[in-house]
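See below for the structure under consideration.
The values are calculated or read from the model by the stated rules, or taken from the named source; none is laboratory data. Predicted model only: the values in this text are computed from it and were never measured. Methodologically, a virtual Cβ is constructed for each residue, glycine included, from the backbone with ideal geometry; neighbour enumeration extends over all protein chains shown. We work out accessible area using only protein heavy atoms, side chains counted, and drop any ligands, DNA or RNA first. Shrake-Rupley method; radii C 1.70, N 1.55, O 1.52, S 1.80 Å.
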Amino acid sequence: MSFQDEAQCDVPRLSEKHSGIPDFLLEKARAAKAGIFETRTKQKTARSRLPALPPGVEEKIFNDAIDELSKELGADNVEKNDKPLRDGWYMDHPNTHDLMTVLDEEELVPSAIVYPSSTEEVQTIVRWANKYLIPISPISMGRNFGYGGAAPRVRGSVLIDLGRRMNKILDISPEDYTCLIEPGVSFFALYEEIKAKGYDHLWVDVPDVGGGSIIGNTVDRGVGYTPYGDHWACHAGLEVVLPTGEVIRTGMGALPGNNTWQTFPYGFGPYSDGIFSQSNFGIVTKMGLTLMPNPGGFESFMYTFQKEEDLHQLIEIIRPLRISNILENVAQLRHVTQSIAARGRPRTDFYKGEGVIPKDVVHKAAAEFPVGDHSWAYYGMSYGPAHIRQHKLAIIDAEFKRVPGARRVDPATLPADEYFWSRDRVAAGIPEIDELRWVNWMPNGAHIAFSPVSPIRGADATKLFELARRRHDEFGIDLFPAFCVGLREMHLIVELVFDRANAAQRKAVMDCLRCLIDDAAACGYGEYRTHLVLMDQVAGTYNWNDGALIKFHEKLKDALDPNGIMAPGRCGIWPKQYRNRGWEMTKESGENSQGDGVAPPEKK
Ligand code: ADP
């Protein structure tokens, strides 16, 4: 497909494709696509680094192995990744590489992509991988943008795209408020199905953009914005194919004939689910999820705060309100620069100079928009019938207004396309696509996150904000911070937005992130989630007692995956075949993600 054809083809619909857009978001998705392609200059380029082979596997053996797998799964379900790389965009994303690449785009690419249709076929692939010692890397949808997208950590791995053919909603229980799903079910799809069935008493919690798979988001411990926002905490029961090919069901799923798999997550004995999130210990083929009851009413609210220094006092106010559930959802405190970028316009509309966008330019722009000038904007939602909301909103109002200059923004004054309304829908469990807009800040816009966790304390918020500002200034990157406040902790999410066609910008972003991670660790802060290329560094900061936790993960890895075939390196966990061979990515690795081969198979 040519660049022009790509720009013009329509958005895939959910009725035609598991990863498509629901009809109610179609026009918005078309507009989002137009905005993205308006400033895109990056074209499809010929491949210069072919073939991408699994480490330690000769081309002839690889080709024979692929032929064998094609016979098992059908030729249409096994594809070599040897064509030019087409970026597409969020709704039409590639599984051949990371669309938002921060390295040379041919670095983290699979050798082939396979599409199983059942748990049995996933087992077949895993056994095949063990036979040929070929690393495999599972994705559900591959929309984990900012964290590596569909890319494998080891170049030449075989990607298992589970979602294309395993995308059924197996069950929705309107009595238990639970569901059971396959990997290819997106938040869009589950939301639509619940609506189609007329289950108005059930809500789905959705992340900022609803196109990702629920299983992928949950195992990577992604969040949403209703009171059920901690997706991992809300899952109930897994079916997992282990790295040696056996299948297990966790929790009550292990008891034949049970009807409690989705209602009691623990079952009996050790709670094993944890080892299947942010790891490389298995492939999740089914997952149960609890659904939120419709709270019988909801109301979004927004406050703005004038000074950056208000952050300290504000976070101190938020903590007791959040812990006591007066503030009920994972609310967001966003910086004004992000408010400007959320309008979806390129940075050059506001500022054409070099270096970071000056503060006065940002404030002048903010003053002209409906929300008005501010330094921080708080987006929250109150749930329940009106009289209950009123009680909570009155407390919130009195508390927030203790900050001098705090202002409640009256939603009635905001136009329909204001970002506030997209936060309103997301907090009410209605999937959205607006969040993509701020990526247009840069041409060929891509993003990668720095996301440290801290207690909900003013001193921590200020320290992290200043740390981020210092490094962004040093590397000439605009700062987009947002604090997402959980129940007893907050994630600071800083999205670094860059032009992925600009090698110097990619390098600045990587250098900045590496410094941020080390700076944060030196103050006792760690990331809750990270991009593939930063996983070794982040895992390395969790090193108490001479790296005891990392050693424990390695022990599990070697026991569960003796041939080291399952997503080697994911979350900084390397199988023994790869250890001490320079595979870990560090400050010095530059664009190179590869080490010095793998250890030969042990003699039996
Ligand atoms: P999204 O939900 O955003 O589309 P992905 O499918 O890209 O997310 O999944 C994010 C990451 O989670 C993947 O890179 C992979 O490491 C892991 N993952 C996703 N699905 C599975 C699965 N079914 N089993 C095991 N790991 C998975």
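Do you know which of the residues in the stretch 102-136 that are among the hydroxyl-bearing types (Ser, Thr, Tyr) and open to solvent by 10 Å² or more (accessible area, probe 1.4 Å) is nearest to the ligand (Cβ to nearest atom)?
119
Of all residues in the stretch 143-175, which are near the ligand (Cβ under 8 Å from one of its atoms), farther than 24 Å from residue 589 by Cα and open to solvent by less than 10 Å² (accessible area, probe 1.4 Å)?
Hits for the stretch 143-175 are 162, 163.
Identify the single condition in (1) of a type outside the set (Asp, Glu); (2) touching a residue at least 24 places away in the same chain (Cβ under 8 Å); (3) open to solvent by 40 Å² or more (accessible area, probe 1.4 Å); (4) not in a loop (DSSP other than H, G, I, E, B) that residue 579 does not satisfy, given that it satisfies every other one.
Of everything listed in (1) of a type outside the set (Asp, Glu); (2) touching a residue at least 24 places away in the same chain (Cβ under 8 Å); (3) open to solvent by 40 Å² or more (accessible area, probe 1.4 Å); (4) not in a loop (DSSP other than H, G, I, E, B), residue 579 misses just condition (4).
I want to confirm something. Restricting to the stretch 431-452 and keeping residues that are in a loop (DSSP other than H, G, I, E, B) and either open to solvent by less than 10 Å² (accessible area, probe 1.4 Å) or aromatic (Phe, Trp, Tyr) (or both), which single residue is nearest to residue 471 (Cα to Cα)?
Among residues in the stretch 431-452 that are in a loop (DSSP other than H, G, I, E, B) and either open to solvent by less than 10 Å² (accessible area, probe 1.4 Å) or aromatic (Phe, Trp, Tyr) (or both), the one nearest to residue 471 (Cα to Cα) is 451.
Would you check which residues across the stretch 176-218 are more than 9 Å from the ligand (Cβ to nearest atom), of a type in the set (Ser, Thr, Tyr) and in contact with a Ser or Thr (Cβ under 6 Å, 6 or more places away or on another chain) and list them?
Hit for the stretch 176-218 is 178, nothing else.
Taking the stretch 219-238, which residues are open to solvent by less than 10 Å² (accessible area, probe 1.4 Å) and either within 8 Å of the ligand (Cβ to nearest atom) or in a strand (DSSP E or B) (or both)?
Scanning the stretch 219-238 gives 220, 222, 235, 236, 237, 238.
Could you check the stretch 287-326 and list, in sequence order, the residues that are of a type in the set (Val, Ile, Thr), assigned to a strand (DSSP E or B) and out of contact with any Cys (no Cβ under 6 Å at 6 or more places or on another chain)?
Result: 304, single match.
Checking the structure you have, find out if any residue of the stretch 304-324 is open to solvent by less than 30 Å² (accessible area, probe 1.4 Å) and among the aromatic types (Phe, Trp, Tyr).
Yes, the stretch 304-324 contains a residue that is open to solvent by less than 30 Å² (accessible area, probe 1.4 Å) and among the aromatic types (Phe, Trp, Tyr).
Exactly one of these conditions fails for residue 593: (1) over 18 Å from residue 282 (Cβ atoms); (2) open to solvent by 10 Å² or more (accessible area, probe 1.4 Å); (3) touching a residue at least 24 places away in the same chain (Cβ under 8 Å); (4) in a loop (DSSP other than H, G, I, E, B). Give me its number.
The number of the failed condition is (2).
Say we look at the stretch 263-293 and pick out the residues that are open to solvent by 40 Å² or more (accessible area, probe 1.4 Å) and hydrophobic (A, V, I, L, M, F, W, C); which of these is farthest from residue 217 (Cα to Cα)?
Ranking the candidates gives 268 first.
Within the stretch 537-549, is there a residue that is within 19 Å of residue 586 (Cβ to Cβ), within 15 Å of the ligand (Cβ to nearest atom) and in contact with an Asp or Glu (Cβ under 7 Å, 6 or more places away or on another chain)?
So far as the stretch 537-549 goes, yes, one or more of its residues are within 19 Å of residue 586 (Cβ to Cβ), within 15 Å of the ligand (Cβ to nearest atom) and in contact with an Asp or Glu (Cβ under 7 Å, 6 or more places away or on another chain).
Please enumerate the residues belonging to the stretch 407-430 that are more than 22 Å from residue 31 (Cα to Cα) and surrounded by fewer than 22 Cβ atoms within 10 Å (Cβ to Cβ).
407, 408, 409, 410, 411, 412, 413, 428 - these are the residues of the stretch 407-430 that are more than 22 Å from residue 31 (Cα to Cα) and surrounded by fewer than 22 Cβ atoms within 10 Å (Cβ to Cβ).
Would you mind listing the strands (runs of 3 or more DSSP E) fully within the stretch 65-144 where at least 3 residues are within 18 Å of the chain's Cα centre (by Cα)?
Once the strands (runs of 3 or more DSSP E) in the stretch 65-144 are filtered for at least 3 residues that are within 18 Å of the chain's Cα centre (by Cα), what remains is 136-139.
Which one is nearest to residue 517 (Cα to Cα), of the residues in the stretch 553-576 that are more than 24 Å from the chain's Cα centre (by Cα) and either part of a helix (DSSP H, G or I) or among the small types (Gly, Ala, Ser) (or both)?
So the residue we want is 554.
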